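S.K.: First the structure, then my questions, so here it is.
The values are calculated or read from the model by the stated rules, or taken from the named source; none is laboratory data. Bear in mind that the values here come from a model prediction, so they are computed numbers and not experimental data. Quick reminder, even Gly has a Cβ in these numbers, built from the backbone with ideal geometry, and neighbours come from all protein chains shown. Just so you know, the surface numbers come from the protein's heavy atoms only, side chains and all, with ligands and any DNA or RNA stripped out. Shrake-Rupley method; radii C 1.70, N 1.55, O 1.52, S 1.80 Å.
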Amino acid sequence: MRSRFLTAALLALALPLSASAAPSRTLVFQGGTVLDGSGGRPLKQAAVVVRDGRIESVGLAIATKVPKDAEIIDFKGQTMLPGLISDHSHVGQTSGTTTGSQNYTRENVQKQLRQFAAYGVTTVTALGMNRPLFNELREEAHADGFSGADLFGAGQGIGVPEGGPPQAMTNNAPDQVFRPTTAEEARAAVRSLKKSRVDLVKVWVDSFLGKLPKMKPDIYQAVIDESHKQGLRVAAHIHDLEDAKAVVAAGVDILAHGVRDQPVDEAFVNAMKERGVWYVPTLALDEATVLYADQPQLVDDPVLQPALSPELRAQFEDAAWRKKTLADPKAREARHALETNLANLKALYSAGVKVGFGTDSGATPLRIPGFAEHRELKLMVLAGLSPGQALAVATGNAASLLQLKDRGRIQLGMRADLFLVEGEAATHIAAVDRVVGVWRQGRKVAGRLPEAPAPAPSP
Ligand SMILES: [Zn+2]
């Protein structure tokens, strides 16, 4: 029963390799609600016309002329969102319960990008630890060659010798991270990243709760200066307020994680605003550390099914693993980090700091691509954002962070990257779990998430 269901789930994710040769055509979505990614009010009884992969018009259904030969899709009772955009994920790191360089294969990365797309995430930023294959895969993803999410990224990223990203956690190959020992080596790493045309530069600064050496200030200062010289922006991995303040003062462009050790203060809020630094909270990261041990019943959640490998399922069903996970000091640290992160997000968002969308999904097996982004949306609402605000962060804001002007909004001329869900997402964030369909440039790349198997009769 279970294996039959899993096969069906995998088939549903393995969409045909149709690609960019799809004929140009016109779609008209009629009768539902559009939440356009701007953070504005929802447009009800709307119609959206899509032609040749772009949005041709958005307006009231009653005022929309339906072009001849258009395919009409009735979306009454549903909400159309722009495809979600992750500003902080990883690809090719994990498979089943394993993490390591052996997982950085074309097949695995493409499978993960299809999994993201099945959850409505149509653009993904792989924020470091990429292998040389990344450049090819990114070009193929831009060309929309395999029905998954589009891919941007930071190439390898710049870490610390014997420090972050922790080798014991990532099992990276030497070609996945630069670990400069001098400012000159750091500048050389940036020039090398520039040559491979990365979209952003990533630095790991923090000490992983005091367990590892931090990046020295002269190193991150050199990375930031050289990146700006090369026309690149820098995203920093931080955990503590002290480090966040230091990298902001040094000119960093993006904080790739939330501040998780203590409440943010006024000086930090003001510095973020004055310098226009983006903040990506990654709430789901710390939740994931304990989520599946806290809630073993999630293995039967239909929303998780398409992303749950048999190996991961077996781990979550293992009572010894759950007990060990919850007894580990990391569990307590993660709960404190999440609680702090939620309060800090609310404070920073309310103060008008620019907030982007990311989860660190794909970095470890517990940070499950696609499912993590749905958790992040719900956690943002738990933090105190409205569902509409959380969705605007995950679409319009997330595109602005990446400086992508062709997506993140349902507006005239934008790419038709669309995420259609059952219900009113502007008031009920759980609607994102009820996926109706996902389109990339007007081409359908995913349908409804497979249903859960019927419960087995009791013996
Ligand atoms: Zn990360």
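S.K.: Residue by residue through the range 357-399, note down the ones that are within 14 Å of the ligand (Cβ to nearest atom), within 21 Å of Thr79 (Cα to Cα) and open to solvent by 20 Å² or more (accessible area, probe 1.4 Å).
M.R.: Passing the criteria: none in range.
S.K.: With the structure loaded, tell me whether Val205 is surrounded by 14 or more Cβ atoms within 10 Å (Cβ to Cβ), within 17 Å of Gly128 (Cβ to Cβ) and within 16 Å of the ligand (Cβ to nearest atom) or whether it fails that test.
M.R.: It is true that Val205 is surrounded by 14 or more Cβ atoms within 10 Å (Cβ to Cβ), within 17 Å of Gly128 (Cβ to Cβ) and within 16 Å of the ligand (Cβ to nearest atom).
S.K.: Modelled with pLDDT of 95 or more, hydroxyl-bearing (Ser, Thr, Tyr) and open to solvent by less than 20 Å² (accessible area, probe 1.4 Å): does that describe Thr427? Full working, then the answer.
M.R.: Numbers: modelled with pLDDT of 95 or more: yes; hydroxyl-bearing (Ser, Thr, Tyr): yes; open to solvent by less than 20 Å² (accessible area, probe 1.4 Å): no.
For Thr427, the condition - modelled with pLDDT of 95 or more, hydroxyl-bearing (Ser, Thr, Tyr) and open to solvent by less than 20 Å² (accessible area, probe 1.4 Å) - is not met.
S.K.: Please enumerate the residues belonging to the range 131-159 that are in contact with a Phe, Trp or Tyr (Cβ under 8 Å, 6 or more places away or on another chain) and open to solvent by 10 Å² or more (accessible area, probe 1.4 Å).
M.R.: Listed by number, the residues that qualify are Arg131, Leu133, Glu140, Gln156.
S.K.: Name every residue in the range 253-288 that is among the polar types (S, T, N, Q) and within 14 Å of the ligand (Cβ to nearest atom), in order of residue number.
M.R.: Within the range 253-288, Thr282 is the sole residue that qualifies.
S.K.: Against the conditions (1) part of a helix (DSSP H, G or I); (2) more than 16 Å from the ligand (Cβ to nearest atom), where does Pro302 fall short? Just the number, please.
M.R.: Only one criterion in (1) part of a helix (DSSP H, G or I); (2) more than 16 Å from the ligand (Cβ to nearest atom) is unmet by Pro302, namely (1).
S.K.: So, in the range 147-167, how many residues would count as being more than 16 Å from the ligand (Cβ to nearest atom) and over 25 Å from Gly408 (Cβ atoms)?
M.R.: Here the count works out to 2.
S.K.: Let me ask something else about it. So, restricting to helices (runs of 4 or more DSSP H) that lie completely within the range 315-396, which ones have at least 2 residues that are without any contact (Cβ under 8 Å) to a residue 24 or more places away in the chain?
M.R.: Working: elements: 319-327, 329-350, 371-383, 387-392.
The qualifying helices (runs of 4 or more DSSP H) are 319-327, 329-350.
S.K.: Out of the residues in the range 45-63 that are among the aliphatic types (A, V, I, L, M) and open to solvent by less than 40 Å² (accessible area, probe 1.4 Å), state the one that is nearest to Thr33 (Cα to Cα). Can you show your working first?
M.R.: Applying the first criterion (among the aliphatic types (A, V, I, L, M)) to the range 45-63 yields 46-50, 55, 58, 60-63.
Cutting the leftovers down to open to solvent by less than 40 Å² (accessible area, probe 1.4 Å) gives us 46-50, 55, 61.
On the way: Ala46: 6, Ala47: 9, Val48: 10, Val49: 14, Val50: 16, Ile55: 16, Ala61: 10 Å.
Among residues in the range 45-63 that are among the aliphatic types (A, V, I, L, M) and open to solvent by less than 40 Å² (accessible area, probe 1.4 Å), the one nearest to Thr33 (Cα to Cα) is Ala46.
S.K.: Which of the following residues is among the small types (Gly, Ala, Ser), in contact with a strand residue (DSSP E or B) (Cβ under 8 Å, 6 or more places away or on another chain) and in a helix (DSSP H, G or I): Ala284, Ala288, Ala246?
M.R.: That would be Ala284, the only listed residue that is among the small types (Gly, Ala, Ser), in contact with a strand residue (DSSP E or B) (Cβ under 8 Å, 6 or more places away or on another chain) and in a helix (DSSP H, G or I).
S.K.: If you don't mind, there's one more thing I want to ask. Quick check on Thr325: is it under 20 Å from Thr364 (Cα atoms) and either in contact with a Gly (Cβ under 9 Å, 6 or more places away or on another chain) or at pLDDT below 95 (or both)?
M.R.: Working: under 20 Å from Thr364 (Cα atoms): yes; either in contact with a Gly (Cβ under 9 Å, 6 or more places away or on another chain) or at pLDDT below 95 (or both): no.
No; evaluated as a whole, the condition is false for this residue.
S.K.: Enumerate the helices (runs of 4 or more DSSP H) found wholly within the range 70-170, keeping only those where 1 or more residues are under 30 Å from Gly388 (Cβ atoms).
M.R.: Counting at least 1 such residues, we get 106-118, 134-142.
S.K.: Follow-up. State which residue pairs qualify: first residue of a type in the set (A, V, I, L, M) and inside the range 270-297, second residue part of a strand (DSSP E or B) and within 16 Å of the ligand (Cβ to nearest atom) in any location, beta carbons under 7 Å apart, and separation of 6 or more residues or different chains.
M.R.: Met272/Tyr279; Val277/Ile254; Val277/Leu255; Val280/Asp87; Val280/His88; Val280/Ile254; Val280/Leu255
S.K.: Of everything in the range 171-188 that's free of Cβ contacts under 8 Å to residues at least 40 places away in the same chain, under 25 Å from Ser361 (Cβ atoms) and not in a loop (DSSP other than H, G, I, E, B), which residue is nearest to the chain's Cα centre (by Cα)?
M.R.: Phe178
S.K.: Take the range 237-252 and flag every residue that is within 16 Å of the ligand (Cβ to nearest atom) and either within 18 Å of the chain's Cα centre (by Cα) or hydrophobic (A, V, I, L, M, F, W, C) (or both).
M.R.: Result: His237, Ile238, Ala244, Val247, Val252.
S.K.: OK, next. Return the pairs, sorted by first residue and then second, in which the second residue is part of a strand (DSSP E or B) and among the acidic types (Asp, Glu), the first residue lies in the range 117-146 and is in contact (Cβ under 8 Å) with a residue 24 or more places away in the chain and within 16 Å of the ligand (Cβ to nearest atom), the beta carbons are less than 6 Å apart, and the residues are 6+ apart or on different chains.
M.R.: Thr125/Asp87
S.K.: Search the range 230-252 for residues that are basic (Lys, Arg) and pair each with any residue that is part of a loop (DSSP other than H, G, I, E, B) and within 15 Å of the ligand (Cβ to nearest atom) when their beta-carbon atoms are under 8 Å apart and the residues are at least 6 apart or on different chains.
M.R.: Arg233/Leu200
S.K.: Starting from residues that are in a loop (DSSP other than H, G, I, E, B) and small (Gly, Ala, Ser), keep the ones in the range 30-69 and report whichever is nearest to Arg114 (Cα to Cα). It would help to see each step written out before you state the result.
M.R.: Looking only at the range 30-69, we keep the residues that are in a loop (DSSP other than H, G, I, E, B), and these are 35-42, 52-53, 64-69.
Right, trim to small (Gly, Ala, Ser) and you get 37-40, 53.
On the way: Gly37: 22, Ser38: 26, Gly39: 27, Gly40: 30, Gly53: 19 Å.
Filtering first and then ranking leaves Gly53.
S.K.: Sort through Ala117, Ala126 and tell me the only one that's in contact with a Phe, Trp or Tyr (Cβ under 8 Å, 6 or more places away or on another chain) and open to solvent by less than 10 Å² (accessible area, probe 1.4 Å).
M.R.: The unique qualifying residue is Ala126.
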